[in-house]
Amino acid sequence: MQNTQPHIFEFAGFRLDTAKQLLLRNDGDPISLTPKVFQTLLYLVRHGGRVIDKDELMSAIWPDTVVEENNLNQNISTLRRVLGDNKDQQRIIATVSGRGYRFIPEVTARTHEEVKLERTSEVAGRPNVREPEDTRTSSARESNQPSAKRLLWLPLLVCILLIGLVAAFYFKRPAAKTGPVATAKTIAVLPFKPLVAENRDESLEMGMAETLIARLSHSREVVVRPLSSVRRYGGLDQDPLKAGRELAVESVLDGHIQTWGDRIRVTVRLMSVGDGSQLWAGQFDEKFTDIFTVQDVIAEKVAGALALTLTGEEQKHLTKHYTEDAEAYQMYVYGRFYRNKRTEEGSRMAIQYFERAIARDPNYALAHAGLSEGYIGLAVFGATSPKEIFPRARAAAIEALRLDDRIAESHVAMAHVKAQSERDWSGADIDYQRATELNPNYADAYRLHAILLMESGRREEAFQKINRALELEPTSVLFNATLGFLYHWARQYDEAVEQLQKTIKMDSAHWLSHYWLAQVYTKKGMHSEALTAAQKARELSGDIGSLWVLGYVYAAAGRRTEAEQQINQLLKLSKQRYVPPYDIAAIYAALGDKDQAFAWLEKADEDQSRGMDFLNVNPVFETLHADPRFGALTKRLGRQALTVRRAPGLSEA
C-alpha cells in the first residue's frame, strides 16, 4: 500500500520536506535550520490559519522539558529572518498580542509520490525525449534469433571483457606521487556563525572552522584556504558565494554553530561557487561531548562530495582526534583564537587556555605545540625576557613531539624554538621541511621557513617558500605583509612599499604592515610618511613592541631630540617590565652612535633578544656593517654579514 500521508508543505515560495527535515526555496536551495526551529515551523504550518497559544507551541516543541519563553521567541526570530519576514510587515508569521502566533500563508500539502509523478510528467512532456523501448518485447525478439547468430557474439564479448579488465587495472593503479596535484580542488571553510547572534561564541566558531580546515588539508587532492585567509568572512550577513569568489575557490563550506547548556547545534552546507548549487548539507543537534563525531561526519561528507580519493594515511587524518576530552578541545580552540591575534595580550590569553587544555588532557600534543608558540609570541613581541620564556617554549615543543611527531604543528613549534632561542639554523630548516612533508598545505610553515631562509642568505629559496604560502593563502594579510618585509630585507624597497600598501588596503588595521612600512619609508628617505606609518603602528598595536620604530624614524630624519626622548621612554619602561635591548640599539644605530649601538647589541645577544636572528640582513643596522665589531657579532651568532647591493640614490639611514 502506498503512503499517501502528506510529507511536503508548500507556501509563499518555500517547500517544507518533513521526511528529509529540510526547508527549501522553490528553486531547490536549502535553508539550514536546527531541529527545534524546524519543528516550530512544522507545527505552525500544520496548524496554519488559527492562533496557536505560546504554551501550546512550547509543549509541542519541548514535550519533556521545561524551557523559558525566550527559547520560543528565539525560534520565531530565526524563522522570520530566514523566511524574509519582520515584525513590522508580518506576511508569514503574525504575532497575536497576549496569545501567541498565527501562520498566515496558504499551505499546499502534497505527498512525495505526487511530486514525483509531476516531475515524471514534466519529463515526458518535453520535446525530443525518447521513451525507452519495451524491454519485455525487446527481449522476446532477441530470444527468437537463431542460436548460431548469438554464438557469433561470444568472441567479441570476451574481447570487450579483456579490454575492460586491462583498462580497469591501468586506471585504478595508484598514481606516482611526484609532487602537488596540478588539478587539485580548492575549498574554503568559512568561520562558522551563530544561530542566535546574541549568544555567539566567536572563538568556538573560528575553532570549528580551523579544525575542519586542518582535517581536510592533509589530502593531496584539495587545497584548503587556511584560517588566516577566511577569518575576515565571519560576518553574520556574509554571502558565502561572494566569499568563495574572492577567495578564488571552487567550493565553500558554510555553517552555523551554537551551544545551549551541554548541547551543541550545527548546520552546515557545501556549495559550488560556480553555479551556487548545493553539494551537501547536514544538521546536527547533539551533546557537546559529541562534537568530535559531528566533525568526523562533516569531514567525511565533504571529502565524499568533492570525490576525493584518499590514501589510508589521509583517511586517518580526516577523522583523527587529538583529544577525546571535549572541554580540553574547547580550551584549545580558545587558545588558538587568541594566539592568532598576534599581540602581546593575545599571547598571554592563549597561554592560559592552552595550559587549561593540557590540565584536562596532558597527552594533547596540539595543545603543547600551541603553548610553545604562545611562549615564543611573548618573546617575539618583546613582552618578556627570552631567557625566562624560551626554556618553557622548548619544553612544550619537546613534549608535543614526544606525544605525536606526526603532526606538522609540533615540528613548527620546535623549528621556531631552534631559530629564535638556540640559533640552530640547520635544525630549524630540517623541522620546517618535515612539517611541510607531513602537511603539504600547511601554509604558515612555508611562511616561517621563508623567513629563516632569507636570514640565512638563501634569498631565492625564501621567495619560493613565501610564494608557495601565498598560493595556498592568497588573501592572508599576514602572509602578504611577510612578503613585504622580505622585500625590505632584500633591499627591494619599491617592491616592499607596493606590497605593504597593498596589504594595508586588504586590512588597514593590521599593525604589522604599518610597522614594516615605517622602516621601508625610512630607508627611502620618506621621513614624513615613515612617521605617519610608525604612529599608526603604535596606535594599532596597543603595546610597546612598536615604540622603538618611532625613535628610529626620528633618528633617521635627523630629529635627535625626539629620538633620545624615545630612548629615555624605553629606559624608563625597562624598570617596570622587560624591554628588548635590540630596540634601543636600533635607535642608536640610526643616530650614528656606534658605541652605544654595539653596547646594546651585546646586551641583546646575551639576552637572546628578538631581532638577533635577522640582524645580519636587517637594513636598520646597515650603517654598522663596515665596523669589524659587526662581523664579529654576526659570526658569533652563526650568521654571515650579508652585503646587499642597493639601488642608487637611496638614502642611508
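The values are calculated or read from the model by the stated rules, or taken from the named source; none is laboratory data. The structure presented is a predicted model; accordingly, all values stated were derived computationally and were not measured. All Cβ positions, even for glycine, are placed from backbone atoms using ideal geometry, and neighbour counts span all protein chains on display.
Pairing residues of the stretch 41-60 that are under 14 Å from I76 (Cβ atoms) with residues that are part of a helix (DSSP H, G or I) and aromatic (F, W, Y), at Cβ distances under 6 Å and at least 6 apart in sequence or on separate chains, gives A60/Y43. Residue count for the stretch 583-617, restricted to those that are buried (at least 21 other Cβ atoms within 10 Å of the Cβ) and touching a residue at least 40 places away in the same chain (Cβ under 8 Å): 7.
Within the set L571, L512, L517, L531, the sole residue that is farther than 21 Å from A496 by Cβ and either of a type in the set (A, V, I, L, M) or in contact with a His (Cβ under 7 Å, 6 or more places away or on another chain) (or both) turns out to be L571.
When you scan the stretch 348-369, do you find a residue that is within 20 Å of the chain's Cα centre (by Cα) and surrounded by fewer than 20 Cβ atoms within 10 Å (Cβ to Cβ), even just one? Yes, because at least one residue in the stretch 348-369 is within 20 Å of the chain's Cα centre (by Cα) and surrounded by fewer than 20 Cβ atoms within 10 Å (Cβ to Cβ).
Keeping to the stretch 297-354, report how many residues are within 30 Å of H510 (Cβ to Cβ) and charged (D, E, K, R). Of the residues in that region, 7 qualify. When V579, V553 are checked against the criterion of being in contact (Cβ under 8 Å) with a residue 60 or more places away in the chain and either crowded, with 21+ Cβ neighbours inside 10 Å or not in a helix (DSSP H, G or I) (or both), a single residue qualifies: V579. Among the residues of the stretch 359-376, those identified as assigned to a helix (DSSP H, G or I) and closer than 13 Å to A397 by Cα are A365, L366, A367, H368, A369, G370, L371, S372, E373, G374, Y375, I376. When the stretch 257-314 is limited to residues that are among the polar types (S, T, N, Q) and not in a strand (DSSP E or B), the one that is nearest to H218 (Cα to Cα) turns out to be T311.
Considering the stretch 377-388, and only residues there that are assigned to a helix (DSSP H, G or I) and buried (at least 22 other Cβ atoms within 10 Å of the Cβ), the residue that is nearest to the chain's Cα centre (by Cα) turns out to be G377. Could you grab me the full set of residues in the stretch 193-230 that are surrounded by fewer than 20 Cβ atoms within 10 Å (Cβ to Cβ) and under 13 Å from S476 (Cβ atoms)? Within the stretch 193-230, just S228 meets the criteria. E56 meets each of the listed conditions (1) modelled with pLDDT under 85; (2) more than 39 Å from the chain's Cα centre (by Cα); (3) not polar (S, T, N, Q) apart from (1). For the stretch 431-499, the helices (runs of 4 or more DSSP H) that sit wholly inside it and include 3 or more residues that are within 20 Å of A419 (Cα to Cα) and of a type in the set (F, W, Y) are 477-489.
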